[in-house]
């Protein structure tokens with residue numbers, strides 16, 4: 001009996017030991033077509049020789065599913081062999097669109113890729129439904145509420161699929177009416193004029209402003225709120241905004257319900273808080289845009305806080321905080337404001353980092369900066385540094401960031417991020433008139449030669465009137481103090497047979513040297529000298545005035561004479577414009593004076609003044625008022641050279657009239673026609689409003705203008721009958737091929753003797 005018990009005990013121990021020691025002898029994977037086995041092996045938590053009883057098969061299946069590559073996974077065991085059976089998800093081969101016109105297929109594919117629906121990715125049927133809805137939303141955002149989209153999945157060999165989207169875009173749903181309910185102080189027409197959205201009108205086909213958009217409506221509601229807040233209505237509320245669509249989904253109706261509230265007046269204004277010792281309370285009060293007794297205006301209130309913050313920023317307090325706190329008297333409808341000022345810590349700039357300059361040397365950039373390293377932060381100097389870098393025209397974009405230095409509370413870095421521009425230019429200009437045809441100019445220049453900031457330029461004019469060949473070089477920082485030096489060499493031929501000024505030809509050669517001295521941040525004094533050698537050829541039918549000049553410098557009856565000169569010139573200029581290409585604010589004033597030395601044939605002086613100022617109405621609309629006055633005369637016994645007279649007319653002075661054609665018309669029997677001599681006195685003026693192209697979202701490189709030009713030149717005293725005026729439209733486009741300028745002008749008081757030029761344009765390209 002004892003032996004039998006011992007035998008069964010041995011068998012039990014042996015069986016228990018074998019069961020506990022059963023391990024995985026092999027792992028097989030079935031169903032793979034395109035996926036490598038390694039993906040499965042890397043995502044299962046067991047391997048060969050692991051105890052089978054320790055394996056969590058449910059967790060293993062879950063981990064394989066999480067790879068996203070399989071639609072079905074199963075695990076079985078045959079003895080010590082583990083068999084993993086999988087069914088792969090198909091791969092997207094192509095995505096095709098049919099019936100799309102509003103959107104380019106490339107743009108739609110890019111949008112779907114953000115939803116993980118793209119060629120080469122794993123196909124997921126649930127994403128298709130989301131994609132259809134997203135596409136519908138895009139069409140609705142563009143006003144097409146009747147659009148519909150269906151999809152089709154086509155199975156291909158090797159477990160691939162094609163996805164086809166079939167689009168029926170339908171017609172555009174347009175805003176039929178926008179109504180504002182609850183307005184008492186302002187009529188609906190005035191309020192609707194502040195909104196971007198509008199009901200269908202004659203210009204909607206271009207403006208596309210009659211297409212409903214949730215985002216645009218949200219912005220319009222804020223514009224409506226700002227309108228009332230700027231008119232004193234502090235309690236203004238928008239109770240609701242309702243959008244409905246007609247049954248045929250072609251017409252949209254928008255209803256905005258508002259509560260105007262009461263109009264408030266500003267009472268007492270106080271400033272409190274800690275201020276720097278170097279800045280008085282009165283100085284900060286001067287920054288306020290609101291005054292006691294004014295109607296409440298939210299824009300001016302926020303602007304006051306901004307101006308005070310910037311003022312503190314100029315004293316090193318980069319993170320100053322200004323909070324206007326109101327005290328409202330609802331009975332008297334008066335609101336008092338207390339501006340609490342927290343100057344914060346004084347900040348200085350640790351390091352200036354320049355990023356993005358691949359061609360332009362660091363020193364060329366740093367010499368334009370007014371905010372320096374290891375100096376106190378100044379917002380005014382940073383803004384001026386950005387303006388100066390922009391005015392160099394070396395860069396398409398200039399952005400400045402001021403990140404804090406980690407671990408330090410009173411330091412920042414100045415990161416200047418630049419996008420360099422192709423400063424090499426090949427420019428072609430042309431003007432069109434009925435008398436002269438096409439007049440062309442060609443110039444090649446490099447404004448940032450070899451990244452040094454120096455300017456090298458050559459120009460060729462191929463017009464019938466002027467033929468100019470010139471070469472110039474300018475070093476804007478000849479000295480470290482910013483004194484510039486330049487020189488130019490030129491050859492100029494002038495033939496006036498098409499100008500109406502009497503026929504004469506000049507052939508000139510010259511060399512000039514000039515210097516510029518910066519007097520302040522905005523003022524510059526320049527001076528120099530030019531040696532000019534000119535040969536004048538009158539022709540047999542030259543007007544009497546021309547003959548008299550040659551007779552005085554050569555001999556009686558001479559039709560050819562030399563008119564050489566040594567010209568000294570000086571100029572003062574102040575320029576605060578915010579941009580050299582598309583200014584929107586600031587002014588420019590210049591005074592130029594020329595005088596010849598009494599060593600050659602010509603002895604005269606010439607003074608010209610010009611001024612322009614910009615009046616911004618908004619970020620995109622500005623008006624420029626400009627004008628010029630000129631006076632010239634001879635000295636000694638010499639006659640003033642007639643070909644140095646002021647002239648008017650053309651694209652740079654009075655548009656709508658041919659170059660140099662404005663002035664008194666005198667009949668000359670020798671010449672056999674009317675002659676315009678120009679004049680020793682000049683007056684011109686212009687008013688021009690610049691605005692973005694209607695319907696164009698990106699107005700940074702394209703703008704239009706409406707202008708009124710006027711002026712004249714006079715030989716003796718001012719004569720109003722010799723003044724000429726014109727009006728028209730202009731456009732400037734900074735295209736990828738260079739600047740394109742167009743003007744269409746209508747002369748307002750021309751007569752039969754005037755020579756008009758209604759259309760002018762210029763074009764160019766960069767290399």
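The values are calculated or read from the model by the stated rules, or taken from the named source; none is laboratory data. Keep in mind it's a predicted model, so treat the numbers as computed, not measured. Positions of Cβ are generated from backbone atoms using ideal geometry, with glycine treated the same way; all protein chains shown enter the neighbour counts.
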Checklist line | Flag for residue 588 being more than 18 Å from residue 680 (Cα to Cα) and buried (at least 16 other Cβ atoms within 10 Å of the Cβ) | finding: yes
Item checked: Any hit, region 664-681, residues being closer than 20 Å to residue 758 by Cβ, in the same structural domain as residue 603 (by TED's automatic domain parsing) and either within 41 Å of the chain's Cα centre (by Cα) or without any contact (Cβ under 8 Å) to a residue 24 or more places away in the chain (or both) -> no
Next item on the list: Go through (1) at pLDDT below 70; (2) assigned to a loop (DSSP other than H, G, I, E, B) and name the single condition residue 764 misses.
Entry: (2)
Next item on the list: Please indicate, with yes or no, whether at least one residue in region 270-279 is within 27 Å of residue 236 (Cα to Cα) and in a strand (DSSP E or B).
Entry: yes
Notebook entry, point to check: Going through region 34-53 one residue at a time, which ones are at pLDDT below 85, surrounded by 12 or more Cβ atoms within 10 Å (Cβ to Cβ) and not in a helix (DSSP H, G or I)?
Noted result: 35
Next item on the list: Taking residue 709 as the residue in question, decide whether it is within 27 Å of residue 591 (Cβ to Cβ), surrounded by fewer than 19 Cβ atoms within 10 Å (Cβ to Cβ) and not assigned by TED's automatic domain parsing to the domain that holds residue 202.
Entry: no
Checklist line | Single condition residue 124 does not satisfy, out of (1) surrounded by 13 or more Cβ atoms within 10 Å (Cβ to Cβ); (2) at pLDDT below 90; (3) under 23 Å from residue 32 (Cβ atoms); (4) touching a strand residue (DSSP E or B) at 6+ places or on another chain (Cβ under 9 Å) | finding: (4)
Check: Pick from 532, 493: which is modelled with pLDDT of 90 or more, part of a strand (DSSP E or B), in contact with a strand residue (DSSP E or B) (Cβ under 6 Å, 6 or more places away or on another chain) and in the same structural domain as residue 645 (by TED's automatic domain parsing)?
Finding: 532
Next item on the list: With the condition kept exactly as written, say whether any residue in region 54-67 is over 17 Å from residue 26 (Cα atoms), modelled with pLDDT under 85 and not in a helix (DSSP H, G or I).
Entry: yes
Next item on the list: Given the conditions (1) part of a strand (DSSP E or B); (2) touching a strand residue (DSSP E or B) at 6+ places or on another chain (Cβ under 6 Å), report the number of the one that residue 633 does not fulfil.
Entry: (2)
Margin query: Could you go through region 734-749 and let me know if any residue there is assigned to a strand (DSSP E or B), outside the structural domain of residue 398 (by TED's automatic domain parsing), under 21 Å from residue 546 (Cβ atoms) and touching a strand residue (DSSP E or B) at 6+ places or on another chain (Cβ under 7 Å).
Written below: no
Notebook entry, point to check: Which of (1) touching a residue at least 60 places away in the same chain (Cβ under 8 Å); (2) farther than 23 Å from residue 588 by Cβ; (3) not in a loop (DSSP other than H, G, I, E, B) does residue 638 not meet, given it meets every other one?
Noted result: (3)
Next item on the list: Can you work out which of the residues in region 373-392 that are at pLDDT below 90 and part of a loop (DSSP other than H, G, I, E, B) is farthest from the chain's Cα centre (by Cα)?
Entry: 374
Next item on the list: Would you be able to tell me the number of residues in region 237-247 that are in a loop (DSSP other than H, G, I, E, B) and either in contact (Cβ under 8 Å) with a residue 60 or more places away in the chain or surrounded by 15 or more Cβ atoms within 10 Å (Cβ to Cβ) (or both)?
Entry: 1
Next item on the list: Would you please name the residue that is modelled with the lowest pLDDT, looking only at residues in region 648-660 that are touching a strand residue (DSSP E or B) at 6+ places or on another chain (Cβ under 6 Å) and not in a strand (DSSP E or B)?
Entry: 651
Next item on the list: Inspect all residues belonging to region 680-702 and state whether any of them is within 24 Å of residue 492 (Cβ to Cβ) and outside any strand (DSSP E or B).
Entry: yes
Note to self: Which pairs turn up if I take residues in region 28-43 that are assigned by TED's automatic domain parsing to the domain that holds residue 82 and within 17 Å of residue 121 (Cβ to Cβ) and look for partners that are assigned to a loop (DSSP other than H, G, I, E, B) and at pLDDT below 85 with beta carbon separation below 8 Å, at least 6 apart in sequence or on another chain?
What the structure shows: 33/158; 33/159; 34/158; 34/159; 35/69; 39/67; 39/69
Check: Do we have residue 322 as crowded, with 17+ Cβ neighbours inside 10 Å, part of a strand (DSSP E or B) and in contact (Cβ under 8 Å) with a residue 12 or more places away in the chain here?
Finding: yes
Note to self: Residue under question is residue 625, and the condition is that it be surrounded by 14 or more Cβ atoms within 10 Å (Cβ to Cβ) and in a strand (DSSP E or B); does it hold?
What the structure shows: yes
Check: Just one of 451, 482 is modelled with pLDDT of 80 or more, within 24 Å of residue 734 (Cα to Cα) and not in a strand (DSSP E or B); which is it?
Finding: 451
